[in-house]
Amino acid sequence: MPDIKVVPLGAGQDVGRSCILISLGGKNVMLDCGMHMGFNDDRRFPDFSYVTGGKGRLTEYIDCVIISHFHLDHCGALPYMSEMVGYDGPIYMTHPTKAIAPILLEDYRKITVDKKGEVNFFTSQMIKDCMKKVVTANLHQTIYVDEELQIKAYYAGHVLGAGMFYIRAGTESVLYTGDYNMTPDRHLGAAWVDKCRPTLLITESTYATTIRDSKRCRERDFLKKVHETIDKGGKVLIPVFALGRAQELCILLESYWDRMNLRVPIYFSTGLTEKATNYYKLFITWTNQKIKSTFVDRNLFDFKHIKPFNRTLIENPGPMVVFATPGMLHSGLSLEIFKKWCTSDKNTIIMPGYCVAGTVGHKILSGMRKIELQPGKVVEIKMQVQYMSFSAHADAKGIMQLTRMCEPEHVLLVHGEAKKMEFLKAKINHELGLECFNPANGETCVISSKPCVPVDMSLKLLKHKTEIVDTATPNPKCSKIIHGALLMKDNKIRLLEQDEALQELGLPKHDLRFTSTVELQNACRSEKLTMTRLYEHLKQLLRSHSVNTTSDGHILIESVLLKVQKDSETAMDVSDDFNTHEDDSPASKSILVSWPYQDEDLGSYLMEVLKNGLPKSVTKLPVH
Ligand code: ZN
Ligand code: ZN
């Protein structure tokens, strides 16, 4: 049976450092190549020696790399992976990701190397060389990595250019969501995928336990908090990622300022964000319909009230609102401003997104009020701390919605906290009846897929089984049993009525028989009881096979129907025979099971299965 193997090198029961290795149909694919912002040591990047064993370049082991979006927890380790560990194969991403990722990587490199003086880090040239290996993917375009491996990008919302990727090799397929959201916001649309029925859905689960309140409520709370603070003469700091929430919250504040006729200045840290706005213009097709249409008469990002920020303004007295990067307060301008403002209880910090463990953002959100901001210098935080989840991730409802949308066979959770995953796992399992996995980093998860083979069905069979046509949409809760013969001929597989199959093969009807021994505690009196005994017996023997009873009293082993033979002279009437053993001692009894006129291959297959499972010998009775 074909398997899919999944090993997270990052984002396994964790948020940050997304990097998931998958093997399917003999191909190895790396999904995202992110960094962990909570660490400054080895743990910052995925451990690629897991793949190479310390020998050779990654190119020998990986067929392709896919980057879902430009956030550093998804692409921050890319130049390290390709230029320092060594990978020359293709790296797939969307056009906006290709345009924006190198800017963020360079920004991150500058902070790490220039400010912290770290050596053994990727250089600007390495970012450039790495980007040369990028192949861009358009939405809904099937890309052939090679003859057997194909990928396709879908719209994920989340941030500009974010994609979900469908990967197919052989009969197996994986849908990897990256980060996504299922509700449109002020500048992006909602994630969408067709009914691609992947063998495995790998989904993020950042907000696995959250069913978020309505967007309007959150926006109102946000505006109220900002207004309260400036009314008291305080300052508001909003740490943001360069792209995404920043633009959305600017649009929100801009219109509020207009409406309320406010005069307090709003600043936006320049540089990155100015460029970012230009990217929205450039990739307008990736935004939502409202932005597309307003761009016709004016640039939605040319703000009247929002001015560029410079460092001299930090010490300015009086109220102000400042948007500054980065979003998790781990370095840069937002942290600089925070250090200056955090000691006054008049000020407010609003955290609009998720913060990974180890960052200052995470510390203040988890309620820490005494933080070592510089080595040896502990500062008491008096500033008011507000968390408002504007970060565009799917909540539990959204994750369920996407899962229903693509109809996977199995689900695997990444990019979330272990505890929250458990809640969602149970929900997916219970509500959708799907097996759900959440491997930790470095843990291999093997998912066996049922191969899907298209089969033509004969008209005769179809006519008799019209109910099958009615249940065109498979529902695992009420699967139908079709009793026919599977015929392989001329490179085609057809499902026929048994008579039709025999005719096609020019074979006469025959029976295959075997005997098996059933331990009897007491004599079985009724046929029904015998059937139950037989069923339990076979189920015991064929533990790894699916054994069921049908409503008309037959036994079904995977696709083979067994019935207790009653109408033939050579076959025993089981119920009668059991009745003759009415002694009190436990007895062993041979029973005869037959199945009618299957083709020989199927018969010998079943014989093999039964033989291996049986403690005592099996006799194949002569065919007649
Ligand atoms: Zn993201
Ligand atoms: Zn992420």
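Please find, among Asp73, Asp47, the residue that is of a type outside the set (Lys, Arg), assigned by TED's automatic domain parsing to the domain that holds Val145, touching a residue at least 60 places away in the same chain (Cβ under 8 Å) and farther than 19 Å from Arg109 by Cβ. Outline the logic, then answer.
Values: Asp73 fails: farther than 19 Å from Arg109 by Cβ.
Matching residue, one of Asp73, Asp47: Asp47.
Specify which of the listed residues (Lys419, Lys477, Lys460, Lys397) is charged (D, E, K, R), at pLDDT 85 or above, farther than 29 Å from Tyr155 by Cβ and open to solvent by 80 Å² or more (accessible area, probe 1.4 Å).
Going through Lys419, Lys477, Lys460, Lys397 in turn, the sole match is Lys419.
Can you tell me which residues in segment 306-346 are polar (S, T, N, Q), touching a residue at least 24 places away in the same chain (Cβ under 8 Å) and under 19 Å from Lys232 (Cβ atoms)?
Thr343, Ser344
Can you find a residue that is under 21 Å from the mean Cα position of the chain (by Cα) and in the same structural domain as Ser49 (by TED's automatic domain parsing) anywhere in segment 121-132?
no
Do we find that Pro46 is under 14 Å from Leu9 (Cα atoms) and at pLDDT 95 or above in this structure? Steps first, please.
Details: under 14 Å from Leu9 (Cα atoms): yes; at pLDDT 95 or above: yes.
Yes: the conditions hold for Pro46.
How many residues does segment 1-18 hold that are more than 14 Å from ligand 1 (Cβ to nearest atom) and part of a strand (DSSP E or B)?
Residues that pass the stated criteria total 7.
Exactly one condition in (1) over 27 Å from Thr277 (Cα atoms); (2) in a strand (DSSP E or B); (3) within 16 Å of ligand 2 (Cβ to nearest atom) is false for Thr210; which is it?
(2)
Out of Lys225, Lys195, Lys235, report the one residue that is modelled with pLDDT of 90 or more, open to solvent by 20 Å² or more (accessible area, probe 1.4 Å), of a type in the set (D, E, K, R) and in contact with a Pro (Cβ under 7 Å, 6 or more places away or on another chain). Give the steps one after another, and end with the answer.
Details: Lys225 fails: in contact with a Pro (Cβ under 7 Å, 6 or more places away or on another chain); Lys195 fails: in contact with a Pro (Cβ under 7 Å, 6 or more places away or on another chain).
Selected residue: Lys235, the only one of Lys225, Lys195, Lys235 that is modelled with pLDDT of 90 or more, open to solvent by 20 Å² or more (accessible area, probe 1.4 Å), of a type in the set (D, E, K, R) and in contact with a Pro (Cβ under 7 Å, 6 or more places away or on another chain).
Could you list, in sequence order, all residues of segment 204-222 that are hydrophobic (A, V, I, L, M, F, W, C), more than 16 Å from ligand 1 (Cβ to nearest atom) and surrounded by 15 or more Cβ atoms within 10 Å (Cβ to Cβ)?
So in segment 204-222, the residues hydrophobic (A, V, I, L, M, F, W, C) come out as 208, 211, 217, 222.
Subsequent filtering for residues that are more than 16 Å from ligand 1 (Cβ to nearest atom) retains 211, 217, 222.
Within segment 204-222, just Phe222 meets the criteria.
Mind listing just one residue for me: the one in segment 60-77 that is in a loop (DSSP other than H, G, I, E, B) and near ligand 2 (Cβ under 10 Å from one of its atoms) and, of those, farthest from the chain's Cα centre (by Cα)?
In this case the residue turns out to be His71.
When you scan segment 80-173 for strands (runs of 3 or more DSSP E) that lie fully inside it, which ones turn up with 3 or more residues that are crowded, with 18+ Cβ neighbours inside 10 Å?
Filter on segment 80-173 gives 91-93, 149-155, 163-169.
Hey, Leu188 hits all of (1) assigned by TED's automatic domain parsing to the domain that holds Ile22; (2) of a type in the set (A, V, I, L, M); (3) at pLDDT 90 or above but one; which does it fall short on?
For Leu188, the failing item is (3).
Based on this model, can you work out whether Leu201 counts as within 25 Å of Gly34 (Cα to Cα), surrounded by 24 or more Cβ atoms within 10 Å (Cβ to Cβ), more than 16 Å from ligand 2 (Cβ to nearest atom) and in the same structural domain as Met421 (by TED's automatic domain parsing)?
yes
Only one of these conditions is not met by Tyr50: (1) away from ligand 2 (no atom under 16 Å from the Cβ); (2) under 22 Å from Ile127 (Cα atoms); (3) part of a helix (DSSP H, G or I). Which number is it?
For Tyr50, the failing item is (2).
If I filter segment 480-494 down to residues being more than 23 Å from Gly170 (Cβ to Cβ) and either buried (at least 16 other Cβ atoms within 10 Å of the Cβ) or of a type outside the set (Lys, Arg) (or both), which single residue comes out as modelled with the lowest pLDDT? Quick ask: steps written out before the conclusion?
In the first step, residues of segment 480-494 are kept if they are more than 23 Å from Gly170 (Cβ to Cβ); the result is 480-485, 487, 489.
Still in the list and also either buried (at least 16 other Cβ atoms within 10 Å of the Cβ) or of a type outside the set (Lys, Arg) (or both): 481-485, 487.
On the way: Ile481: 53, Ile482: 62, His483: 65, Gly484: 72, Ala485: 74, Leu487: 78.
Among those residues, the one meeting the criterion is Ile481.
Can you tell me which residues in segment 49-77 are at pLDDT 95 or above and within 16 Å of ligand 1 (Cβ to nearest atom)?
Correct list: Ile66, Ile67, Ser68, His69, His74, Cys75, Gly76, Ala77.
Restricting to segment 158-182, what's the tally of residues that are within 12 Å of ligand 2 (Cβ to nearest atom) and hydroxyl-bearing (Ser, Thr, Tyr)?
Total satisfying the criteria: 2.
Out of the residues in segment 307-321 that are open to solvent by 30 Å² or more (accessible area, probe 1.4 Å) and in a strand (DSSP E or B), which is farthest from Leu262 (Cα to Cα)?
Pro308
Only one of Leu160, Leu237 is more than 13 Å from the chain's Cα centre (by Cα), assigned by TED's automatic domain parsing to the domain that holds Gly416 and closer than 27 Å to His330 by Cα. Can you tell me which?
Result: Leu160 is the single residue among Leu160, Leu237 that is more than 13 Å from the chain's Cα centre (by Cα), assigned by TED's automatic domain parsing to the domain that holds Gly416 and closer than 27 Å to His330 by Cα.
How many of the residues in segment 16-37 are open to solvent by 10 Å² or more (accessible area, probe 1.4 Å), within 17 Å of Phe241 (Cα to Cα) and out of contact with any strand residue (DSSP E or B) (no Cβ under 6 Å at 6 or more places or on another chain)?
Qualifying residue count for the region: 1.
The values are calculated or read from the model by the stated rules, or taken from the named source; none is laboratory data. Since we're looking at a predicted model, the values are computed, not measured. Quick reminder, even Gly has a Cβ in these numbers, built from the backbone with ideal geometry, and neighbours come from all protein chains shown. Side chains included, ligands, DNA and RNA excluded: accessible areas come from the protein's heavy atoms. Shrake-Rupley method; radii C 1.70, N 1.55, O 1.52, S 1.80 Å.
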